[in-house]
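Here's the structure, in structure tokens; my notes come after.
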Amino acid sequence: MKSLVSSPPDRPLTDTKILRILVPISIDDDSRWGIRYALRRHAEGTRVEVILLNVGEPVSKGQAFRFVAQRKIAELQSGQAQAMISEASKPLMLKKISCRGFFKQGDVAFSILDTAEQLDCDEIAMPVPKKGLPRYFSRKIVHNVRRRGSNVAVVVVSSEGAPLRWV
């Protein structure tokens with residue numbers, strides 16, 4: 001896992017607990033809904049830290065890429081992830097919310113859960129699953145993250161960042 005962005009908190013620590021929220025992000029606008037959720041929690045007075053995670057598709061073994069080509073693809077994905085994380089972190093930094101960004105390659109659901117557990121996250125904020133053709137944050141991804149039995153709570157959020165009850 002590669003750390004891409006980090007911002008230290010600018011406020012003195014007064015509460016004993018910080019809510020650490022993992023927000024998986026992609027090129028899709030709905031992946032930013034988790035950021036709105038973190039901003040909402042912050043506005044309600046909760047101290048939050050946000051972990052932004054971008055997961056790159058692994059280069060499949062069946063593809064006829066040489067090692068050098070695979071490395072270049074990983075570098076390209078990492079650069080794209082850094083740009084997405086930098087853009088996504090701007091509203092958090094404006095509110096002086098601590099955030100860190102990471103890039104992983106691998107299975108999306110596993111990478112989300114693994115990162116959340118490794119970084120001791122309290123919640124994973126994900127957008128309401130899309131209908132129709134599954135994409136990055138499809139019903140399947142949210143379902144897979146929720147059913148894998150992690151100790152980390154999965155919070156499904158609306159476009160306004162409001163937590164929703166989703167079954």
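The values are calculated or read from the model by the stated rules, or taken from the named source; none is laboratory data. Here the structure is a predicted model, which is why all the values come from computation and not from measurement. Counting neighbours? That spans all protein chains shown, and the Cβs are built from the backbone with ideal geometry, glycine included.
Restricting region 70-101 to residues that are farther than 15 Å from Ser31 by Cβ and among the aliphatic types (A, V, I, L, M) leaves a set whose member that is surrounded by the most Cβ atoms within 10 Å (Cβ to Cβ) is Ile97.
Looking across Val23, Val5, one residue alone is in a strand (DSSP E or B) and at pLDDT 90 or above. It is Val23.
Yes/no matrix, rows are residues, columns are (1) in contact with a helix residue (DSSP H, G or I) (Cβ under 7 Å, 6 or more places away or on another chain); (2) under 20 Å from Lys90 (Cβ atoms); (3) at pLDDT 95 or above; (4) among the polar types (S, T, N, Q):
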residue	(1), (2), (3), (4)
Tyr37	no, yes, yes, no
Val50	yes, yes, yes, no
Gly56	yes, no, no, no
Lys61	no, no, no, no
Ala64	no, no, no, no
Val68	no, no, no, no
Ala74	no, no, no, no
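Taking the stated definitions as given, is Gly161 touching a Lys or Arg at 6+ places or on another chain (Cβ under 6 Å) and at pLDDT 90 or above? Steps first, answer last, please.
Working: touching a Lys or Arg at 6+ places or on another chain (Cβ under 6 Å): yes; at pLDDT 90 or above: yes.
Against the criterion (touching a Lys or Arg at 6+ places or on another chain (Cβ under 6 Å) and at pLDDT 90 or above), Gly161 qualifies.
With respect to Lys104, determine if the residue is at pLDDT 85 or above, surrounded by fewer than 17 Cβ atoms within 10 Å (Cβ to Cβ) and basic (Lys, Arg).
Numbers: at pLDDT 85 or above: yes; surrounded by fewer than 17 Cβ atoms within 10 Å (Cβ to Cβ): no; basic (Lys, Arg): yes.
When the stated conditions are applied, Lys104 does not pass them.
For region 43-55, name all the residues that are touching a strand residue (DSSP E or B) at 6+ places or on another chain (Cβ under 7 Å) and surrounded by fewer than 19 Cβ atoms within 10 Å (Cβ to Cβ). Within region 43-55, Thr46, Arg47 qualify.
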